[in-house]
Structure formats: structure tokens, C-alpha cells
Amino acid sequence: MKRGEDTYILGIESSCDETSAAVCHNGKILSNIIATQAVHTQYGGVVPELASRAHMQNIVPVVDQAIVDAGITLDQLDAIAFTSSPGLIGALLVGTGFAKSLALSLDIPLIAVHHMQAHVLSNLIADPQPEFPFLCLTVSGGHTQIVLCKDALNMEILGETLDDAAGEAFDKTAKLLGLPYPGGPLIDRYAKEGDPKKFHFPEPQIEGLNFSFSGVKTSILYFLQKQLKADPDFISHHLPDICASAQYCIVNILLHKLKKASLQTGIKTICLAGGVSANKGLRNAIQEMAEKYQWKLFIPEMEYCTDNAAMIAVTGYHRFLAGFSSPLTVSASARAAW
Ligand code: KG4
Ligand code: ZN
């Protein structure tokens, strides 16, 4: 196995509703192609069967484009990294099957990558990179975790959600307000014009570094039911304030636990990852906290926060350097330990 000076890795991501392929050269991204599946919008959520079918249609052109944009040919690749877990099993199987076939035909190593570890390592894409050890708050539509990253191959989950993910909390709140899926970005947009302290939604009291968001949704639901009885147009009259107040509550839940993790571990290098990193309220609040507690804060570019194959390629690169490879019998799994 060639390791070292001139390493090209192809990354493939197909865990949910984005078909993505990327090439990295010595850990630097040369291309990152993402085909987002629009088909799900009309259903108010990702439909697994439709996601698998769309991955089947997209995977060949997306990989082709990633190779072309990187300015290389397939025979220059040293290994193929792919998301093996967690995710929608039918969606994962498309990327897994494709990655295996290509690795077999090119006679190069195959490297299975855990999607959540890759989100953490998306912070290694930009320059300057965070120094190890760092803490990463990963916030997406499916996951909410605080991860202690000791090095590229060694991570520990310090806390995670016991029920809904942060992105789900945004999306479910948006649904209660009659906003289309995914509602997170819309809440963010309306919140900019609203008063975050206008309505109070209580923070759940959860021990340790774990999170819970299901109570937030319920308290917003009961609050709206009560207000709508008095004023049937309550939502349209107060949309920005409701969005700002709900966002304030979700962001506070996230940042209280992150602050606690930093105090407990003594680690002040803090990273953010996942699609909810786009949220302006979260970005502003974490910047303020970073200034207050002298954190070194890293937030990847948006292209690398949402699901993408660049983070899979970079994670694959570090595993390749360490001599890891997966057998061709490796399988995808909807849930897998780290
Ligand atoms: O990481 P991601 O792109 O996909 C996965 O879940 O894997 O995250 C998508 C989630 C959705 O729940 C979406 O509503 C949320 O991130 N999101 C936002 C914002 N942009 C995306 N939530 C709040 N504010 C935003 N600006
Ligand atoms: Zn993800």
C-alpha cells in the first residue's frame, strides 16, 4: 500500500438525501460535488425509498464530476473512502456497493468511514486547523453530539441527544408554525426580526452532557394551542417573536452543555459541525461565548457543514495514513458504534 507523499482519496457520501463525491490530495480538497435531492420537499421529510432511488441515479455522474473537477484520472486514486454508517440503510447501500465495485476494479483499498466522525473532522479541511485535543459540537437534522476529538482516529462522545436532534427541534417547531420542511432555515430567517426574550420556553434539566429537545417542542405546542384560542391569527401576528424565542431556547440548550464540557475537560479549542451550524443565532451566541471564555473557535465553511463527501475523503485520508483499510465484505449499517 502506498502511503505518504502523493495521496489521492475519493470520498463517497450517500447516508441521507445528498449524493456527494469528493477528491482530496494529501488531505486538501480538490473537488466536492453535492447533488441534493429535491424530491423530498413535497413530503415534509426524507422518504427513504426515494432517497435510495435518487442516489442510484446520481452516483455515477456525481463521481465522474468529482474526478473531472479534481483534474485527475481514476488510476491516480490511492483509496476509496465511503460512508458506511449511520444513515438510511437503502441510501448507504448505494454508496457502499458503488465504492466496493470501484475499489475492486481499480485494485485499491476501500476505507469505511463513520459519518459522525467525518462531521467532526470536517474541521480539518480549512487552514488553520484546530489543534488536538478539541471539542466538537455536531448539530444536524439527525444528530446532536459533543465529541472529544483526541486525534483524527481517536474520538469519544461526551454527550448526545436522548430524543430529537437540534435540527429536528427546529424543523418540528417550524411545522407547528405551518412552515414548509426543512423549516430550520426559515426559523432562522424570521428570528432575525424578532425578540428572543418575548416568549419564554423552558430549558429541560438533563444531567451531565446529554441533551433533550422533545420537551421544547411540546412546550411550544401547548403555548401555541393556548394563544390560538384567544387569537386565531396569533402565529401570523407574532411569527418573528415566536421564531426568535424558540431559537433562543434551542441555542441555549446547546451552548450550556458545550460550556459545561469545556469546563469539565479544560479544553478551549472548540469546533462546530453539521447543518444547524448555519443558524445565525447559534453562530452569534457561540462567538460571544468564545470571546468570554477565550475559546479558539472553528466553524467549517457551510459547504462542509451540511452532508458532503469532502469530510469523508479527509477522514479516509487520515485512516489511510494510519494503514486502515476495510475488507470487500464490509457492510453498511443504519447504526454502528464508533
Ligand atoms: O447536517 P444536515 O445538512 O443534514 C443532516 O441532518 O444530516 O442538517 C440538516 C438540518 C435540518 O434539520 C435543517 O432544518 C437544519 O439542519 N438547518 C438549520 C439551518 N440550516 C439548516 N436549522 C436552523 N437554522 C438554520 N439556518
Ligand atoms: Zn450528516
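The values are calculated or read from the model by the stated rules, or taken from the named source; none is laboratory data. The structure displayed is predicted, hence computed values, not measured ones. Note that we place each Cβ from the backbone using ideal geometry, even for glycine, and neighbour counts take in every protein chain shown. Each accessible area value is taken on the protein alone, full model and side chains, heavy atoms only, with ligands, DNA and RNA left out. Shrake-Rupley method; radii C 1.70, N 1.55, O 1.52, S 1.80 Å.
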For the range 24-56, enumerate the residues that are part of a strand (DSSP E or B) and over 24 Å from I89 (Cα atoms). C24, H25, K28, I29, L30, S31
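Looking at the range 14-40, which of its residues are more than 30 Å from A322 (Cα to Cα) and either crowded, with 21+ Cβ neighbours inside 10 Å or outside the structural domain of T83 (by TED's automatic domain parsing) (or both)?
Kept after step one, since they are more than 30 Å from A322 (Cα to Cα), are these residues of the range 14-40: 17, 35-40.
Of everything in the range 14-40, just one residue is more than 30 Å from A322 (Cα to Cα) and either crowded, with 21+ Cβ neighbours inside 10 Å or outside the structural domain of T83 (by TED's automatic domain parsing) (or both), namely D17.
Conditions (1) of a type in the set (D, E, K, R); (2) without any contact (Cβ under 8 Å) to a residue 24 or more places away in the chain, marked per residue:
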residue: G184; (1), (2): no, no
residue: I187; (1), (2): no, no
residue: K192; (1), (2): yes, no
residue: Q205; (1), (2): no, yes
residue: G208; (1), (2): no, no
residue: V216; (1), (2): no, no
residue: K226; (1), (2): yes, yes
First in the range 96-125 and at pLDDT 95 or above, second anywhere and among the basic types (K, R) and open to solvent by 20 Å² or more (accessible area, probe 1.4 Å), Cβ under 9 Å, 6 or more apart: L110/K100; I111/R319; A112/R319; V113/R319; I125/K28
Quick check on the range 274-281. Is at least one of its residues more than 16 Å from ligand 2 (Cβ to nearest atom), assigned by TED's automatic domain parsing to the domain that holds D188 and out of contact with any Lys or Arg (no Cβ under 7 Å at 6 or more places or on another chain)? yes
Which one is surrounded by the most Cβ atoms within 10 Å (Cβ to Cβ), of the residues in the range 61-84 that are in contact with a Phe, Trp or Tyr (Cβ under 8 Å, 6 or more places away or on another chain) and assigned to a helix (DSSP H, G or I)? V63
Conditions: (1) at negative phi; (2) surrounded by 21 or more Cβ atoms within 10 Å (Cβ to Cβ). G87 meets all but one. Number of the miss? (1)
Matching option when the condition is over 29 Å from L135 (Cβ atoms), charged (D, E, K, R) and surrounded by fewer than 21 Cβ atoms within 10 Å (Cβ to Cβ), among E203, E207, E193: E193
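Do the conditions hold for Y43, that is, is it farther than 16 Å from N58 by Cα and open to solvent by 70 Å² or more (accessible area, probe 1.4 Å)?
Values: farther than 16 Å from N58 by Cα: yes; open to solvent by 70 Å² or more (accessible area, probe 1.4 Å): yes.
So Y43 fits the description; yes.
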Out of everything in the range 283-338 that is basic (K, R) and closer than 17 Å to C136 by Cα, what residue ends up being surrounded by the fewest Cβ atoms within 10 Å (Cβ to Cβ)? K296
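Where residues in the range 126-166 are hydrophobic (A, V, I, L, M, F, W, C) and within 15 Å of ligand 1 (Cβ to nearest atom), which of them is farthest from N252 (Cα to Cα)? Step through it out loud before you land on a result.
As a first pass, look at the range 126-166 and keep what is hydrophobic (A, V, I, L, M, F, W, C): 126, 132, 134-137, 139, 146-149, 152-153, 155, 157-158, 162, 165-166.
Going one step further and asking which of them are within 15 Å of ligand 1 (Cβ to nearest atom), we end up with 136-137, 139, 147, 165-166.
Numbers: C136: 16, L137: 13, V139: 13, V147: 18, A165: 14, A166: 11 Å.
Within the range 126-166, the match that is farthest from N252 (Cα to Cα) is V147.
Do we find a residue being more than 21 Å from the chain's Cα centre (by Cα), more than 16 Å from ligand 1 (Cβ to nearest atom) and not assigned by TED's automatic domain parsing to the domain that holds I250 anywhere in the range 82-95?
Quick first cut of the range 82-95, residues more than 21 Å from the chain's Cα centre (by Cα) only: none.
Within the range 82-95 (the criterion being more than 21 Å from the chain's Cα centre (by Cα), more than 16 Å from ligand 1 (Cβ to nearest atom) and not assigned by TED's automatic domain parsing to the domain that holds I250), the answer is no, since none of the residues qualifies.
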